Amino acid sequence: MKNIPIHKEITLVSKITNKSSQTLLEFLAHRFAYLNADEWEGRIEAGKVMVNGRQASAGQPLRAGDEVAYTTNSWEEPEVNTNYRVVFEDDQLLAVSKPAPLPVHAIGAYFRNTLMHLLRRDRPEADHYHLVHRLDSETSGLLLLVKDAKYLKELQKQWITQSVQKTYQAIVFGKFPAGKQLLEAPIGKKDGSLVRMKLAVNGSDARASATEFEWLETKGDFSLIKVRPLTGRTHQIRVHLEHLGFPIVGDKLYSGDDETFLHFYEHDWDDWLRERVLLPRVALHAFQLEFTHPVRGERVVLNDPPPEDLNAFWSNL
């Protein structure tokens, strides 16, 4: 997906919210990976990056509360679905239904077209909110935030210890077997792939991963399934379904070869892709989230019905 340059400079500001041991260069190269470390170092040396209003050096350590400002040429960001919806809110928590496509935070070509930017636009106090977990840009569904950092550690511990229950619905290619099945298969970087972010079962530096699947319905050569990830690896559901031979409809990274994703990167959504993956977004929706409230101690169960685009696709099969 290509950026469209505009002859105008803008300044983008990121605030360091947590205690950090990263240098400025490490932060920029990790957070905004569309430029590599050498490119970021060049921009720092050119005076394009400031920390707390002062010119900075690449090796400068960052601390909580620091503001990193980057001045660059503006561009038109790729279009997103901005229709997020509040599902639950109290004094400590906010849960939203994130549409797709919509990145959660600034990444790649996205700075303003993100859920966090939209939240801060609509409610300035959201500048102090913290994400408890993430969803991919093309995955829709429930996303939980805390309004105060003091609740973040307790909730993130639930994700690490697997006491939280996340349930998804997916539409996949193929006739998925009836019943339930558990796949325990480690996930790591896919060796030999032209796509740097692509992962695979038993790839390099693989880490243990487990996902539970349950068949719901089959229509022709497509199946509707319920998915519960028992670990929290990047792209876990998508990688495990590709491994089983049932890639998710709309998944440009895991429902074809590298050419499919590279074509999308170069040409965006077009008829060539439509014939191969059918939907412009991954047909994956996080419809239920169950966790323990950090203050009241009671179990909270949130539900978010699948969005209209996925319902329409399934109904029209």
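The values are calculated or read from the model by the stated rules, or taken from the named source; none is laboratory data. What you see is a predicted model, and the numbers here were worked out from it, not measured in a lab. Cβ sites come from the backbone with ideal geometry, for glycine too, and all protein chains shown count toward neighbours. Areas reflect the complete protein model, heavy atoms only, side chains present, ligands, DNA and RNA absent. Shrake-Rupley method; radii C 1.70, N 1.55, O 1.52, S 1.80 Å.
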Under 14 Å from the Cα of Lys198 - aspartates and glutamates, other chains or at least 8 residues apart = Asp136, Glu242, Asp251, Asp257, Asp258, Glu259
remark   = As straight-line cross-link partners of Lys153, the qualifying lysines (C-alpha separation under 26 Å, not fewer than 8 residues apart within one chain) are Lys15, Lys19, Lys98, Lys166
query = Which aspartates and glutamates have a Cα less than 17 Å from the Cα of Lys48, not counting those fewer than 8 places away in the same chain?
reply = Glu9, Glu26, Asp38, Glu39, Asp66, Glu67
note = Between Ala149 and Asp191, Cβ-based FRET efficiency (R0 25 Å, step 0.05) works out to 0.05
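What is the packing order of peptides 124-130, 151-157, taking the mean over residues of other C-beta atoms within 10 Å and listing the highest first?
Values: 124-130: 14.1, 151-157: 15.9.
Peptide ranking by packing, descending: 151-157, 124-130.
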key: Cα-based Kirkwood hydrodynamic radius, the chain, one decimal, Å   = 21.1
query = Residues with beta-carbon under 9 Å from that of Pro186, excluding Pro186: net charge, scoring Lys, Arg +1 and Asp, Glu -1?
reply = +1
Estimated [θ] at 222 nm from DSSP helical runs (n ≥ 4, -39500 (n - 2.57)) normalised by residues in the chain, nearest 500 = -6000 deg cm²/dmol
message = As a test of reading the structure, rank Trp40, Trp269, Trp314 by solvent-accessible area (1.4 Å probe, protein chains only), most first.
response = Trp269, Trp314, Trp40
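How would you order 96-102, 144-150 from highest to lowest mean count of nearby Cβ atoms within 10 Å? Don't skip to the end; give the middle numbers.
Details: 96-102: 22.1, 144-150: 17.0.
So the order, starting with the most tightly packed, is 96-102, 144-150.
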task = Return the carbon/sulfur percentage of the accessible area of the chain, one whole number, probe 1.4 Å, all protein chains in place.
result = 48
note = Sorted by accessible surface (1.4 Å probe, heavy atoms of the protein chains only), largest first, Ile160, Ile248 come out as Ile160, Ile248
query = Give or take rounding to whole Å, what are the principal axis extents of the alpha carbon atoms in the stretch 120-227, in descending order?
reply = 48, 34, 28
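Taking a probe of 1.4 Å, how large is the accessible area per residue of the chain, in Å²? Don't skip to the end; give the middle numbers.
Numbers: 16250 Å² over 317 residues.
About 51 Å² of surface per residue is accessible.
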message = Heavy atoms of the protein only, probe of 1.4 Å, neighbouring chains included. What is the accessible area of His117 in Å², nearest 10?
response = 70
Gain in span if fully extended, Gln92 to His293, counting 0.36 nm per residue against the direct Cα distance = 71.5 nm
